[in-house]
Number of protein chains: 2
Amino acid sequence: MSEKHDAVDLSHHLSKLALTLESRPPAAYNPGPGTIGMDGGVPDTEYFPIESITVEYLKPSAFPLKPTDVLPHGSGVLGWIANVLTGKGSKTTAAPTGQFVIPRRLRSEDEGEFELDTALQYSPITGLPAAESLIDDWVARVHKPAYNDWKTMLDIGASCAWSSALSILLNPGDSFLTDRYAYNLGLDQARARATFPVAVATDVEGLSAVGLERVLASWDEKARGFKRPRVIYTQGGIHNPTGLLITAQRKKDIYAVAVRYDLIIVEDDPYYYQQASAPYSTGGTRAAEKQTDEEWLDSLVPSFLRFDYEGRVIRLDTFSKTIGPGGRLGYYTSSPLLIEKLAALHQSYISFPSGLSQAICANLLHTYRTEGFTRWLRGLTAQYELRRNWAIDALHKALDVRAEDRWSRALTAYAPANGQMAEKFARKSLMSFVPPDGGMFVWFNIHLHNHPRYRHQTSPAAAKNRLSAELWTAIADGGVIFRRGELFAVEGDEERARQGEEDVFLRASFGSGTTEELEKGMTIFATVLVKFFQ
Amino acid sequence: MSEKHDAVDLSHHLSKLALTLESRPPAAYNPGPGTIGMDGGVPDTEYFPIESITVEYLKPSAFPLKPTDVLPHGSGVLGWIANVLTGKGSKTTAAPTGQFVIPRRLRSEDEGEFELDTALQYSPITGLPAAESLIDDWVARVHKPAYNDWKTMLDIGASCAWSSALSILLNPGDSFLTDRYAYNLGLDQARARATFPVAVATDVEGLSAVGLERVLASWDEKARGFKRPRVIYTQGGIHNPTGLLITAQRKKDIYAVAVRYDLIIVEDDPYYYQQASAPYSTGGTRAAEKQTDEEWLDSLVPSFLRFDYEGRVIRLDTFSKTIGPGGRLGYYTSSPLLIEKLAALHQSYISFPSGLSQAICANLLHTYRTEGFTRWLRGLTAQYELRRNWAIDALHKALDVRAEDRWSRALTAYAPANGQMAEKFARKSLMSFVPPDGGMFVWFNIHLHNHPRYRHQTSPAAAKNRLSAELWTAIADGGVIFRRGELFAVEGDEERARQGEEDVFLRASFGSGTTEELEKGMTIFATVLVKFFQ
């Protein structure tokens, strides 16, 4: 990459709302030191009832890099100790916890960077300065945006962040491009703002750059009835719902199309760090054992930011999958103009993220330091990878799962070969899936076209819908809740039927629950599926 | 009050946006116990890095009921101890702090009601159930709504809550009724949603019910160019910026008009508990000393909820002034329909409030219990009352402040009688103000019509603007930042000039800073004011 430049001017992308939002002008008056502030409705910090917050945290190495077991459930530190004592523990034997204190007021000898006087007070829209600074360093270290003047801004989580991005970019009635199957809440958020998705083909490497080019090049505004989309919404790391990783080359290709057609890319990326160390293979992981934590971090497939030399990416990060969703904390990375407008929007609506969440989460990052947080993420990722393997192992046990095409990563599942059913149905596959590259979802393609009752139905869309609902309910009756693939569909039933799509999808999460539950869930699914295809 | 009824149907008030918001339908499928959830992208609680949070809090009695000094600044518990030792303390001598622990997982013997497994996880839009339940109890105890089926819902603070209320009630281009001078950020939030305020006259008892009736009765849609407003926005307790209390009778009167004209009242009430125990009188408070804490709570002027027998109030509460703004936590109280739509809106945008904030703040309430939180509020209010008195005492010292009209609560200020200036200007008042009934603001009415250069100006509006900016800057140059009254004005400069309004306003906060700063700030203001009128 040649010398970095500043972001290009993308102000023509701003929505009408964004244009009306007044950014806080640079203060017309700069009060000198010692000025007495009697301006705002600011309570005195002495009146905050909280004197200190002490946080006991798991050490970064709490989870092993080569787990043989997912963490025993219901354990916590006491459980951890019990498990270590009984030799069943999967957390490493390194010291389990440390603690830090957020005092009312920092003194010069304090190690932390956060104090309640600041965290409990009104604070800047873009985040507590100490938290902002940690985030800046992290983005510079991990994502290395390809332009100079990128900025970050703390927000209250990726789903709100995506809504806000929509608000500053699109007017009601505008559209955006996304994968044929995209994150369902992301679609809901968009629909609630009267903006709507346009589907682009997706393959195992992610949103298709060729498909994207085709949609844009052949855009017929009259026939479509609305303008060519100016925004792409996709998930940069592990895609939801498909569980697949967009490759670096694909990101470059998509970015090139975005430059050619002057698009903005909103990269929603909650599962970035959950990139599995190795593709699924029955029997376990083959972890890159000699990798240092630093090398691991560098080995992750880069985000769109790495290729963003013009500042046309709005990246959405969240701590929901790395610290906890209840913190309601995430951050944007984008160009100064877009960050400024996002800040103005937040100023006019949601205000700043909880200072308590900021202080607790950012103090944790400060305590972990870059190395520690990297190690923490790596330990988590190893757990999710093991969970993926367990879930798919369980399917292998319960069904006849075969790799039928050496050029495809998909596995196809049949009724087990040793059963009575197998004789009857062995020739007909039940479903197929690509073992996920990480994250927490498996995306099952249910081969409805092989279902005996499928051909009896008159309308293909109606047939699909009825059978799909029947299957979901049968699985739920069996005791497992999956999410129906239809919820993620950008195109309507009829459109998908018209495109010859006969099958339906189901998304299963392996992100939580005990190993027993994971295995039981998959087994129930397999059993119900075999019965359903009778 | 006769038997309570349920809220009346106000669905005709919903905005187009609210009508498109799909409320979460009652789950079509109720999973039985033991069901394995593989539906959402929910991380396992074992992966949360926080093992416990220990909160050290000030005891409810930390602040005395009859303070002789506002809390010494920069103290905290260490300072408290130092002050007790040196006899300078203003916190009471009762034990200063306690602590509670939010564990990863509650055990049956734990005293708290909050655990990190829940607080760090995804949680209901309306709030953590344990927090919700505490809020419900508090609202039932304090506000006693006059209808049966009221609901509460946690939110991320009153300014966002007001924006959301606007969004579910008004369409862009719609208007709402409010005080001639209203909370400036509230106005900004409304303008950002393309809705606009219509001014109603305000007197010392609050928004005028007669003025309200007049505006509504004489509404001429053709002449105005837009529909009659359907919503009132006002501050129920201590009004911002005027610092005055809306009396109970006035609330009843306003509510009666709201029923007659089918209006919804949005009651934004951050300063409800900061109702001073006594009107300002030089020399100190005359606290209702024998009152118990319970009696004190009951003695507060009721909120609009107390008179709301139809469910047409959306009340906005916040913890910003009672715990700390950084918690970004507040709550709505309203009818089931309006709460349902607010929840659906939040679902489609901001999601739920920070679980960490909820757990910390609600666990504090749980620990304090109703009695303790009441005592805490009463202690805070005594501090704010003392601050009010100090600020106004300082004005009395620096200016010749007189009560000129026995039928008015206003005080009028002249240049000090003993100075050289006084001889020259004694006949002309500089400003007047009504000593605030609580809260944290004094609202100064600057008598610009007495300014020597006022008459030389051609356009009254321009004259006002120029002199007002000049005064604000002179005060700032003197070292004190006030807020210009123009920011709170609902009507434009010309409109106010047309109504014969010659004066301008300045709002000063006495909510924070040391006693020395409070006194110094007022003295600087007085000095600058006298000079400005030369």
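The values are calculated or read from the model by the stated rules, or taken from the named source; none is laboratory data. This one's a predicted model, so the numbers in the text were calculated from it and none came from an experiment. Because the Cβ atoms are built from the backbone with ideal geometry, glycine has one as well, and the counts that use them run over all protein chains shown. Remember, those area values only see protein heavy atoms, side chains included, never the ligands or the DNA or RNA. Shrake-Rupley method; radii C 1.70, N 1.55, O 1.52, S 1.80 Å.
In segment B:42-70, what residues are more than 29 Å from B:Thr514 (Cα to Cα) and either assigned to a strand (DSSP E or B) or basic (Lys, Arg) (or both)?
B:Ile50, B:Glu51, B:Ser52, B:Ile53, B:Thr54
Applying the selection to segment A:244-261, what residues are in a loop (DSSP other than H, G, I, E, B) and surrounded by fewer than 23 Cβ atoms within 10 Å (Cβ to Cβ)? Answer for segment A:244-261, where residues must be in a loop (DSSP other than H, G, I, E, B) and surrounded by fewer than 23 Cβ atoms within 10 Å (Cβ to Cβ): A:Thr247, A:Tyr261. Across segment B:255-278, the number of residues qualifying as at pLDDT below 95 and among the acidic types (Asp, Glu) comes to 0. B:Phe482 passes every criterion in (1) without any contact (Cβ under 8 Å) to a residue 60 or more places away in the chain; (2) over 30 Å from B:Thr381 (Cβ atoms); (3) aromatic (Phe, Trp, Tyr) apart from (2). Taking the conditions (1) modelled with pLDDT of 95 or more; (2) open to solvent by less than 20 Å² (accessible area, probe 1.4 Å); (3) not in a loop (DSSP other than H, G, I, E, B) in turn, A:Phe352 satisfies each one other than (3).
Within 30 Å of A:Asp155 (Cα to Cα) and within 14 Å of chain B (Cβ to nearest Cβ) - does that describe any residue in segment A:419-438? Let's see the steps before the verdict.
Step one: of segment A:419-438, the residues within 30 Å of A:Asp155 (Cα to Cα) are A:436-438.
With within 14 Å of chain B (Cβ to nearest Cβ) added as a condition, the list becomes A:436, A:438.
Yes, the conditions are met somewhere in segment A:419-438.
Checking each residue in segment A:62-72 for being touching a Ser or Thr at 6+ places or on another chain (Cβ under 6 Å) and either free of Cβ contacts under 8 Å to residues at least 12 places away in the same chain or open to solvent by 30 Å² or more (accessible area, probe 1.4 Å) (or both) picks out only A:Asp69. Selection of segment B:360-369 for residues being over 11 Å from B:Leu329 (Cα atoms) and at the interface with another protein chain (Cβ under 8 Å from one of its Cβ atoms) yields only B:Leu364. Condition test on B:Leu529, is it within 10 Å of another protein chain (Cβ to nearest Cβ) and modelled with pLDDT of 95 or more? No: the conditions fail for B:Leu529.
For B:Arg193, the conditions (1) more than 23 Å from A:Gln347 (Cβ to Cβ); (2) in contact with a Leu (Cβ under 9 Å, 6 or more places away or on another chain); (3) among the basic types (Lys, Arg) are fulfilled apart from (1). Cβ-Cβ distances below 6 Å connect the following pairs, each with a first residue in segment B:166-189 that is surrounded by 19 or more Cβ atoms within 10 Å (Cβ to Cβ), a second residue that is among the basic types (Lys, Arg), and a separation of six or more residues or different chains: B:Leu166/B:Arg193; B:Ile168/B:Lys341. Quick check on segment A:230-243. Is at least one of its residues open to solvent by 40 Å² or more (accessible area, probe 1.4 Å) and of a type in the set (D, E, K, R)? Looking for residues that are open to solvent by 40 Å² or more (accessible area, probe 1.4 Å) and of a type in the set (D, E, K, R), one finds at least one in segment A:230-243, hence yes. Selection of segment B:134-149 for residues being open to solvent by 50 Å² or more (accessible area, probe 1.4 Å) and in contact with a strand residue (DSSP E or B) (Cβ under 7 Å, 6 or more places away or on another chain) yields only B:Asp136. Only residues that are open to solvent by 10 Å² or more (accessible area, probe 1.4 Å) and assigned to a loop (DSSP other than H, G, I, E, B) were counted in segment A:330-349, giving 1.
All of B:Thr97, B:Thr126 fail the test of being more than 10 Å from chain A (Cβ to nearest Cβ) and among the polar types (S, T, N, Q), apart from B:Thr126.
Residues that are at pLDDT 80 or above and either within 9 Å of chain B (Cβ to nearest Cβ) or part of a loop (DSSP other than H, G, I, E, B) (or both) were ranked within segment A:15-30; the one that is farthest from A:Tyr349 (Cα to Cα) is A:Ser15. Checked against (1) closer than 26 Å to A:Ile125 by Cβ; (2) surrounded by 18 or more Cβ atoms within 10 Å (Cβ to Cβ), B:Ala199 passes all but condition (1).
Filtering segment A:301-329 to residues that are open to solvent by 10 Å² or more (accessible area, probe 1.4 Å) and assigned to a strand (DSSP E or B) leaves only A:Thr318. Looking at the structure I just gave you, is B:Ser159 open to solvent by 10 Å² or more (accessible area, probe 1.4 Å), closer than 30 Å to B:Gly485 by Cα and not charged (D, E, K, R)? Criteria met by B:Ser159.
Restricting segment B:35-50 to residues that are within 7 Å of chain A (Cβ to nearest Cβ) and surrounded by fewer than 22 Cβ atoms within 10 Å (Cβ to Cβ), the residue that is modelled with the lowest pLDDT is B:Gly40.
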